[in-house]
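Undergrad: Let me begin by handing over the structure; questions about it come next.
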Amino acid sequence: MKRPIQSYVLAVGLGVLFAAPVSAAEFTDAPKKSPECFYTSSINGWNYVGDNTVRVSVGASRSFDLKLMGYAHDLDFKETLGVKAGPSGWICEGNGLGVEVFSRGPLNYRWPVTSITRVQKPHK
């Protein structure tokens with residue numbers, strides 16, 4: 001009775017042995033670049049990009065798209081937007097966990113952020 005169990009263990013062991021180099025090759029490709037981050041106080045402007053996206057300007061030359069959970073088509077360009085980012089105030093590219101955009105107008109809308117993407121300037 002021990003023989004079938006040993007054969008099974010040998011077959012599983014060989015399967016893992018031959019599968020390992022294939023899956024390891026996926027992880028040895030080019031190193032991932034670290035996400036770009038900014039502090040909420042460095043935001044110096046915003047634009048309405050689409051139904052659920054707001055583009056914020058950071059410093060002199062960087063822009064980030066904040067994808068919102070829900071539609072932001074009611075935004076008025078006269079309104080001031082606030083951005084809240086957890087206890088640290090840092091915002092990084094990625095899923096937007098802990099980041100919220102809110103209006104400081106009379107209706108006081110709030111939108112959780114679902115993703116943050118750096119906008120690349122076109123090369124001239």
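Laboratory data are not the source of any read-out in this text; all were calculated from the coordinates shown. Being a predicted model, the structure only gives us computed values, none of them experimental. Neighbour counts are summed over all protein chains in view; Cβ atoms, including those assigned to glycine, are modelled from backbone coordinates with ideal geometry.
Undergrad: For the pair THR117/ASP51, report the inter-label distance in nm, with labels modelled 7 Å from Cα in the Cβ direction.
TA: Computed distance between label sites THR117 and ASP51 equals 1.6 nm.
Undergrad: 7 Å from Cα along Cα→Cβ at both LYS33 and LEU107: what's the point-to-point distance in nm?
TA: If labels sit at LYS33 and LEU107, their model points lie 3.7 nm apart.
Undergrad: Explain nothing, just the number: dipole magnitude of region 37-119 about its Cα centre with +1 on each Lys and Arg Cβ and -1 on each Asp and Glu Cβ, in debye rounded to the nearest 20.
TA: Numbers: 8 positive and 7 negative charges, 37 e Å.
About 180 debye.
Undergrad: Quick one: net charge of GLU93's neighbours, Cβ under 12 Å, K/R +1, D/E -1? It would help to have the intermediate numbers written out before the result.
TA: On the way: positive: LYS32, LYS33, ARG62, LYS67, ARG118; negative: GLU36, ASP65.
Residues near GLU93 contribute +3 overall.
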